[in-house]
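The values are calculated or read from the model by the stated rules, or taken from the named source; none is laboratory data. What you are looking at is a predicted structure, and each value in this text was computed from that prediction instead of being measured. Glycine also receives a Cβ, built like all others from the backbone with ideal geometry; neighbour counts cover every protein chain displayed.
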There are 2 protein chains.
Amino acid sequence: MPTFPPTDHTRIRRLPKRGSYERDTIYAILDEALICHVGFVDQGRPFVIPINFARLGDSIVLHGALDSRLLKHIAAGNEVCLEVALVDGLVLARSVFHHSVNYRSVVLFGHGRLVDDPQEKIAALQAITDHLIPGRWQEARLPNTKELNATLVVAIDIADASAKVRSGGPVDDEADYDLPVWAGVLPLAVTPLAPERDERLGEDIPLPGYVAKYSRK
Amino acid sequence: MPTFPPTDHTRIRRLPKRGSYERDTIYAILDEALICHVGFVDQGRPFVIPINFARLGDSIVLHGALDSRLLKHIAAGNEVCLEVALVDGLVLARSVFHHSVNYRSVVLFGHGRLVDDPQEKIAALQAITDHLIPGRWQEARLPNTKELNATLVVAIDIADASAKVRSGGPVDDEADYDLPVWAGVLPLAVTPLAPERDERLGEDIPLPGYVAKYSRK
């Protein structure tokens, strides 16, 4: 399906023109985000944990240590809410009231499951590695049996999802346009700084292209 | 108190050496983060919403429209979990297994309340504006009565909080150091791009210093 039909808990109520249920829009935001924020309920209380992730088809995959409370909770089949947010810029209006943030966010819901099929587990780990650093899986030493056994992998099959996007400049009250106050957008981006070589790295090993040209877009 | 005593739900179980309960550490991370991720429970289900915010003393303040479901839930006194995460870099090890992310995150818990005292409400709005763009409150047109009445402000008094920090280079298995695989850290930062002037802005209005020199640190 090209869209996730809005449900009672994904329908965008505030500023619905900013909302989208388009699969392509939602997946592009998920794929650009470095980390996600996973919400779950434990004994009636809310928890939110940041974690890296990948989208694998219509599922989100997460990995970590065998004793991770978050992952065990997800592996047990509980429902989670997973959110990502990209901040694209600060919107400076002439009035404080109309200040805003340009962003792209996704909120999705689904039930968790353990990934124990060996092929799906490897595919999930490859997706998580290549989500963070595309190309890295082809070069680094792949997981051995001991490492695979020490890694818990879980999936969340996306049941409902929505995106919310704000872009463009400030919208001021008509009377405020004459104020002598700077207005516009300060775009923000996640950018790589100079790579730092490991101190034990041989001098003959060059910087890979996927590090030199790293970009989230 | 200089520290938040660890509780059953803030104690760092995984890799406890990465954990901190120091107020200064926690508050510095909160103050640097542009947005936070608020988790709450509604009818037994988890929800996570991204929103901008500010720390005001030992509280977190949020604002939005009167009909915001998130803010109404918080104003009603419900417990929330609020999380922020700063991604500082990608850690490339020689093995896939030892890849990591350098990050600083905070998870905190507290019950919400409505901010309806006029002085506290203005202080919260100033904090939120100056959190996003330090100096902006001094220059933009301040909220009038109509705008104040159209804005819902809530606070979360921080009851428990913990930080988690990973920094530094990769740690590989001893046997892997001879592999011909580039290893190190790719630092990432949120950086401003060229400011975009509003198309209706008078040409005589210069770019303010707090925009020209904007930085999150």
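Of note:
- For the stretch B:126-146, taking the residues that are small (Gly, Ala, Ser) and in contact with a helix residue (DSSP H, G or I) (Cβ under 8 Å, 6 or more places away or on another chain), the one that is farthest from B:Gly110 (Cα to Cα) is identified as B:Ala140.
- Residue pairs whose Cβ atoms lie under 9 Å apart, separated by 6 or more positions or on different chains, with the first residue in the stretch A:56-79 and of a type in the set (Asp, Glu) and the second modelled with pLDDT under 95 and part of a loop (DSSP other than H, G, I, E, B), are A:Asp67/B:Arg13; A:Asp67/B:Arg14.
For (1) under 23 Å from the mean Cα position of the chain (by Cα); (2) small (Gly, Ala, Ser), each residue gets a yes or a no:
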{"position": "A:Ala150", "(1), (2)": "no, yes"}
{"position": "A:Asp160", "(1), (2)": "yes, no"}
{"position": "A:Arg166", "(1), (2)": "yes, no"}
{"position": "A:Gly169", "(1), (2)": "no, yes"}
{"position": "A:Asp172", "(1), (2)": "no, no"}
{"position": "A:Tyr177", "(1), (2)": "no, no"}
{"position": "A:Leu188", "(1), (2)": "yes, no"}
{"position": "A:Thr191", "(1), (2)": "yes, no"}
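- Selection status of B:Ala183, free of Cβ contacts under 8 Å to residues at least 12 places away in the same chain, within 10 Å of another protein chain (Cβ to nearest Cβ), crowded, with 17+ Cβ neighbours inside 10 Å and in contact with a strand residue (DSSP E or B) (Cβ under 7 Å, 6 or more places away or on another chain): no
- The lone exception for A:Val101 - which of (1) within 9 Å of chain B (Cβ to nearest Cβ); (2) surrounded by 21 or more Cβ atoms within 10 Å (Cβ to Cβ); (3) under 30 Å from A:Thr7 (Cβ atoms); (4) not aromatic (Phe, Trp, Tyr) it fails: (2)
- Selection status of A:Asp204, at the interface with another protein chain (Cβ under 9 Å from one of its Cβ atoms) and buried (at least 18 other Cβ atoms within 10 Å of the Cβ): no
- Residue satisfying all of: in the stretch A:45-69; in contact with a His (Cβ under 9 Å, 6 or more places away or on another chain) and under 19 Å from B:Arg45 (Cα atoms); surrounded by the most Cβ atoms within 10 Å (Cβ to Cβ) among these: A:Val48
- Set A:Asp24, A:Asp31, A:Asp88, A:Asp42: member being more than 25 Å from A:Tyr214 (Cα to Cα) and either surrounded by fewer than 22 Cβ atoms within 10 Å (Cβ to Cβ) or more than 10 Å from chain B (Cβ to nearest Cβ) (or both): A:Asp42
- Failed item in (1) touching a helix residue (DSSP H, G or I) at 6+ places or on another chain (Cβ under 9 Å); (2) acidic (Asp, Glu); (3) in a loop (DSSP other than H, G, I, E, B), with A:Asp67 passing the rest: (1)
- Search result, residues across the stretch A:10-21 that are within 7 Å of another protein chain (Cβ to nearest Cβ) and in contact with a strand residue (DSSP E or B) (Cβ under 7 Å, 6 or more places away or on another chain): A:Arg14
Residues checked against (1) in contact with a helix residue (DSSP H, G or I) (Cβ under 7 Å, 6 or more places away or on another chain); (2) modelled with pLDDT of 95 or more; (3) facing chain B (nearest Cβ under 10 Å); (4) part of a loop (DSSP other than H, G, I, E, B):
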position	(1), (2), (3), (4)
A:Ala124	no, yes, no, no
A:Leu148	yes, yes, yes, no
A:Val153	yes, yes, no, no
A:Ile156	yes, yes, no, no
A:Val165	yes, yes, no, no
A:Asp172	yes, yes, yes, yes
A:Ala194	no, yes, yes, yes
A:Tyr214	no, yes, yes, yes
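- Count of residues meeting criterion [in a loop (DSSP other than H, G, I, E, B), closer than 25 Å to A:Glu83 by Cα and modelled with pLDDT of 85 or more] in the stretch B:4-37: 2
- Every residue from the stretch A:71-85 that is in contact with a Lys or Arg (Cβ under 9 Å, 6 or more places away or on another chain), assigned to a helix (DSSP H, G or I) and buried (at least 24 other Cβ atoms within 10 Å of the Cβ): A:Ile74
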